[in-house]
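These notes are about the structure you will find just below.
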Amino acid sequence: MPTDVLYLDSAEQASEMLKPMRLDILRLSDQPRTCSELGDILGHTPQNIYYHVKRLEGAGLMDRVGERKVRGILEGIYQARARSYWLAPTLVNRLGGLGAARDQASLRVLCSHAERMLEDVGHLANHADHGAQVPSLSLSADVELSSPQGRAEFLREVQEAFVAIAERYGAREPSSARGTFHLTLVCYPDPSTVESS
């Protein structure tokens, strides 16, 4: 049975997966299939499919889940290891020099928070697949801030609320104790509303 998410932080795994034929094979392998079945769907020979399946299996992205005899030949049955695959943002190094970092400081910080969250959620998904209870909370809202004064007031109120919650529940020192949660708050404009210069 495939897990919901497989978090990939290995460049070797990503390299084996990120090929059009292999992505097609993974998409079709949400249920157990033989190389012949995959070949029929994709219009390729079973031998060609077998080569790619074995590469995916070797990278830990597919599993051999059974076998059956077809016309006297034993055929393996394969299934994708997960329903979705997340690539760690750290697989691609940040581009640009110090000047770019200064110009995009707030977006860089936002990207850093997003990277940490993706990495953490990817690892939590692996724990959940092994039976661990993973309590979490996700909130999202779109707010309309049409004036600079409205934006400034909104940001001030959000910061004050965040600081109050962090001070009430937050640990003063980093802790590895059970029950420690990451609280991240981000605010950014809807990309479709940002005018290009």
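Quick grid of which residues meet (1) modelled with pLDDT under 95; (2) polar (S, T, N, Q); (3) surrounded by fewer than 16 Cβ atoms within 10 Å (Cβ to Cβ); (4) within 19 Å of Thr3 (Cα to Cα):
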| residue | (1), (2), (3), (4) |
| --- | --- |
| Ser15 | yes, yes, yes, no |
| Ile25 | no, no, no, yes |
| Arg33 | no, no, no, yes |
| His44 | no, no, no, no |
| Tyr50 | no, no, no, no |
By residue number, the members of the stretch 1-19 that are within 11 Å of Arg81 (Cβ to Cβ) and assigned to a loop (DSSP other than H, G, I, E, B) are Met1, Pro2
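Looking at the stretch 53-93, what strands (runs of 3 or more DSSP E) fall wholly within it and have at least 3 residues that are without any contact (Cβ under 8 Å) to a residue 60 or more places away in the chain? Break it down into steps so the answer makes sense when it comes.
On the way: elements: 62-70, 73-80, 82-87.
Filter on the stretch 53-93 gives 62-70, 73-80.
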For Cys187, the lone unmet condition from (1) under 26 Å from the mean Cα position of the chain (by Cα); (2) at pLDDT 75 or above; (3) surrounded by fewer than 10 Cβ atoms within 10 Å (Cβ to Cβ); (4) not aliphatic (A, V, I, L, M) is (3)
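State whether one or more residues within the stretch 30-47 are closer than 28 Å to Gly122 by Cβ and assigned to a helix (DSSP H, G or I). Outline the logic, then answer.
Taking the stretch 30-47 as the starting set, the residues that turn out to be closer than 28 Å to Gly122 by Cβ are 30-33, 38.
Right, trim to assigned to a helix (DSSP H, G or I) and you get 38.
The answer is yes; a qualifying residue exists.
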When (1) among the aliphatic types (A, V, I, L, M); (2) at pLDDT below 90; (3) farther than 17 Å from Pro20 by Cα are applied to Leu87, the one that fails is (3)
The condition from (1) more than 23 Å from Glu119 (Cα to Cα); (2) touching a residue at least 12 places away in the same chain (Cβ under 8 Å) that Gly39 misses is numbered (2)
Scanning the stretch 124-181 for residues that are at pLDDT below 80 and acidic (Asp, Glu), the one farthest from the chain's Cα centre (by Cα) turns out to be Glu167
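The values are calculated or read from the model by the stated rules, or taken from the named source; none is laboratory data. From a predicted model like this one, the values you see are computed outputs, not experimental measurements. Don't worry about glycine lacking a Cβ; one is built from the backbone with ideal geometry, like all the others, and counts go over all protein chains shown.
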